[in-house]
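These notes are about the structure you will find just below.
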Amino acid sequence: MRLLFLGDIVGRSGRDSLIAELPGLRRALQLDFVVVNGENAAGGFGITGAICDEVFDAGADVITLGNHSWDQREALVHIEREPRLIRPVNYPAGTPGRGATLVESASGARVLVVNALGRVFMEALDCPFEAVERQLDACPLGQAADAIVVDIHAEATSEKMAMGHFCDGRASLVVGTHSHVPTADAQVLPGGTAYQTDAGMCGDYNSVIGMEKDEPLNRFITKIPSGRFQPAMGPATLCGVFVETDAGSGLARRVEPIRIGGRLRSALPEI
Ligand SMILES: [Fe+2]
Ligand SMILES: [Fe+2]
């Protein structure tokens with residue numbers, strides 16, 4: 001199978017470039033399944049039902065979230081009706097929606113997608129390792145699922161890397177989100193799980209992690225808020241990872257970073 005994961009869509013710039021590029025990318029890379037992190041898709045904060053529809057129509061199969069899951073209140077209701085939209089699995093019991101979803105691809109493959117939030121320099125939540133373990137146990141790779149994608153939404157590179165090794169041999173891909181900057185460590189881990197510490201964002205990189213620079217700079221320098229954070233509106237770079245899996249085991253044969261458009265040097269796997 002050929003899988004694509006794209007990191008956090010930030011605002012209109014990220015959405016516009018995803019909508020423009022993803023349909024062609026699906027064809028060019030002969031993708032079987034696409035997962036996109038959408039936690040910053042609505043003006044940098046959360047996601048709406050209408051934006052979910054746009055992202056699915058462009059060719060995403062599943063949308064994951066993160067610490068901004070509920071910034072748009074309508075997501076609390078929409079997620080109950082939309083099995084292809086998931087939020088972190090380690091939120092408190094009773095949180096709306098689900099933290100994992102098993103979706104059939106167009107070609108009939110069963111793909112499990114799990115979203116988890118890290119705890120280092122973030123909110124105190126249930127243990128992401130225990131929560132992911134339960135999902136992997138319930139739906140083993142190569143048996144109940146033909147591919148498994150884990151989005152570990154976390155601040156600390158160490159926590160994300162630990163999750164990669166924790167899942168090694170049991171997931172097709174473990175990829176980090178939330179820090180909005182692509183890391184240069186794409187690799188297939190020893191047990192066969194593809195891994196990259198952060199996918200990077202789909203947004204304008206002439207920014208502070210996707211936001212217009214003035215207010216973040218002001219807050220760092222003066223510590224006095226003087227306005228709202230607004231997404232930067234320049235051309236976005238779509239950032240993510242491409243993975244090829246073995247049909248029998250579901251493990252990764254190959255992983256490559258993807259960067260398209262905007263300011264970052266482009267990277268596109270050869271097919
Ligand atoms: Fe984000
Ligand atoms: Fe985040």
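The values are calculated or read from the model by the stated rules, or taken from the named source; none is laboratory data. Bear in mind that the values here come from a model prediction, so they are computed numbers and not experimental data. Please note that ligands, DNA and RNA were not included when accessible areas were found on the heavy atoms of the full protein model with its side chains. Shrake-Rupley method; radii C 1.70, N 1.55, O 1.52, S 1.80 Å.
Evaluating 6.51 cos²θ - 1.76 cosθ + 1.60 at θ = phi - 60° for every residue in the stretch 106-121, the Karplus couplings come out as 4, 8, x, 7, 9, 10, 8, 10, 10, 10, 9, 9, x, 10, 7, 6 Hz, glycine and proline recorded as x.
Against the criterion of solvent-accessible heavy-atom surface with a 1.4 angstrom probe, S105, S249, S266 sort, most first, into S266, S249, S105.
Of all DSSP-defined beta bridges confined to the stretch 36-173, some 30% are antiparallel rather than parallel. Across the stretch 70-83, coupling constants 3J(HN,Hα) worked out from phi with the 6.51/-1.76/1.60 Karplus curve, θ = phi - 60°, read 10, 4, 9, 4, 4, 5, 4, 8, 4, 5, 6, 9, 10, x Hz, and Gly and Pro carry x.
Nearest 5 is fine: what % of DSSP beta bridges in the stretch 11-114 come out antiparallel, could you say? Don't jump to the answer; show the numbers that get you there.
On the way: 5 of 9 bridges.
Percent antiparallel among DSSP bridges in the stretch 11-114 is about 55.
Contact order for the stretch 28-150, expressed relative to its length and based on alpha carbon pairs under 8 Å spaced 6+ residues apart, stands at 20 percent.
With protein chains left intact and a 1.4 Å probe, residues in the chain average 41 Å² of accessible area per residue.
How would the stretch 50-208 be classified by its alpha-carbon gyration tensor: rounded, prolate or oblate, with rounded meaning a/c under 1.5 and the a/b versus b/c comparison settling the rest?
Because its axes are fairly even, with a/c under 1.5, the stretch 50-208 counts as rounded.
Of the solvent-accessible surface of the chain, computed with a 1.4 Å probe over protein heavy atoms with every protein chain present, carbon and sulfur atoms account for 52 percent.
Quickly estimate the mean residue ellipticity at 222 nm for the chain, helices only: each DSSP H run with n ≥ 4 gives -39500 (n - 2.57), and the total goes over all residues, rounded to 500. Each step should come with its number before you reach the end.
Details: 6 runs with 66 residues, N = 271.
Rounded to the nearest 500, the figure is -7500 deg cm²/dmol.
In terms of its alpha-carbon gyration tensor, the stretch 1-108 comes out oblate; a/c meets the 1.5 threshold, while b/c is at least as large as a/b. Rolling a 1.4 Å probe over the protein heavy atoms leaves I260 with an accessible area of roughly 30 Å².
Relative contact order, whole percent, for the chain stands at 19, derived from Cα pairs under 8 Å and 6 or more residues apart.
Note on the chain: antiparallel DSSP beta bridges, both residues inside, total approximately 50 percent of the bridges counted.
Percent relative contact order of the stretch 121-271, based on C-alpha pairs within less than 8 angstrom and at least six residues apart? Before the final figure, lay out each step's value.
Working: 320 pairs, mean separation 29.6, N = 151.
So the answer I get is 20 percent.
The angle between the Cα long axis of helix 11-28 and the main principal axis of the chain comes to about 30°, on a 0 to 90 degree scale. Here the Karplus relation 6.51 cos²θ - 1.76 cosθ + 1.60, evaluated at θ = phi - 60°, turns the backbone of the stretch 170-184 into coupling constants of 10, 9, 6, 8, 10, 9, x, 9, 4, 7, 6, 10, x, 9, 9 Hz, with x for every Gly and Pro.
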